[in-house]
Amino acid sequence: MLAVQALVAGYGGSRVLHGIDLRVDAGEVVTLLGRNGMGKTTTIRAIMGLLPPDAGRIAFDGADITGVPPHRIAQRGIGLVPEGRQVFPTLSVEENLVATAANRAGGAPRWTLPRVLALFPRLAERRRNLGARLSGGEQQMVAIGRALMTNPRLLILDEATEGLAPLVRAEIWSVLATLREEGQAILLIDKNLAAIQRLADRHVVIEKGRVVWTGSSAELAAAPEIRDTYLHV
């Protein structure tokens, strides 16, 4: 579904990515792992067209989307839950959700407002509350729901549970497990190794803008040297 090949990108004269390769197949959950500042968010920004790559190729469903404007990439079926949530502070929960609603595949949409509110009962209780009046966890639920309302074929989450209370984190992981069971393809950044090893099919570890390891959850669990060298602070 998503194929990134030899991706090179950076900011100004500073190169951050030095030939990233990764793929996400249909129905697969893949994580992008690494310590802070290693290029994870830069990779996501390049995939979404928010940062023009200097070299390499990004393909989605076989079509080259390298350098395509972000709105066109979203229209192709990639939904983003950005780092920092970025909910609209002066819009209500409901308005935040319906603002991005789309059904580009035709037929009955998988994700509608009632279904998102059923997935996140807390949002149903606060559907009239403004974005600025929500807790961090509630804002993250809105950000996930907003991305689902685009009915994406691939869902990308940058720091899915960072800074959230334990109960909220558990709810987010439960939701992501439900999405996986439904066949939703997901590319995920997060630091909770225990949770992502339960959820994901494969992991891609990057260090200083280069892929240094890829493998399954079982392989990651059996490789403490990878965790100690590239993932622990």
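Details
- Asp61 paired with Arg15, simple spin-label distance in nm, labels 7 Å along Cα-to-beta-carbon: 3.4 nm
- Ranking of His232, His18 by count of other Cβ atoms within 10 Å, fewest first: His232, His18
- Residues in the range 197-231 that a label on Arg35 would reach, taking backbone N under 16 Å of a point 7 Å out along Cα→Cβ: 205-213, 225-231
- More than 21 angstrom apart: percent of Cα pairs within the range 99-233: 47 percent
- Theoretical ellipticity at 222 nm over the chain - DSSP helices of four or more residues, -39500 (n - 2.57) apiece, nearest 500: -8500 deg cm²/dmol
- Beta-bridge orientation, the chain: approximately 60 percent antiparallel, per DSSP, counting only bridges with both partners inside.
- Calculation over all alpha carbon pairs of the range 66-169 in 5 angstrom steps from 0 returns a P(r) of 2, 14, 24, 24, 20, 11, 4, 1, 0 percent.
- Largest to smallest principal axis extent of the C-alpha atoms in the range 55-113, angstrom: 40, 32, 14
- Folded to 0 to 90 degrees: helix 166-181 orientation relative to the chain principal axis, Cα: 80 degrees
- Length gained when the stretch Arg115-Leu167 is fully extended (0.36 nm per residue, less Cα-Cα span): 16.6 nm
- Full extension of the chain between Asn103 and His232 yields a length gain of 42.4 nm, computed as 0.36 nm times the residue separation minus the alpha carbon distance.
- Hull-based mean projected area of the range 1-85, where the convex hull spans the alpha carbons, in square nanometres: 5.6 nm²
- Applying Stokes-Einstein at 10 °C and 1.306 mPa s to the Kirkwood radius of the chain, computed over alpha-carbon pairs, gives a translational diffusion coefficient of 88 µm² s⁻¹.
- Across the chain, the relative contact order, built from alpha-carbon pairs under 8 Å that are at least six residues apart, equals 28 percent.
Computed from the coordinates by the stated procedures, all read-outs in this text should not be read as laboratory data. Since the structure is predicted, the reported quantities are computational estimates derived from the model, not experimental observations. Backbone-built Cβ (ideal geometry, glycine too); neighbour counts: all protein chains shown.
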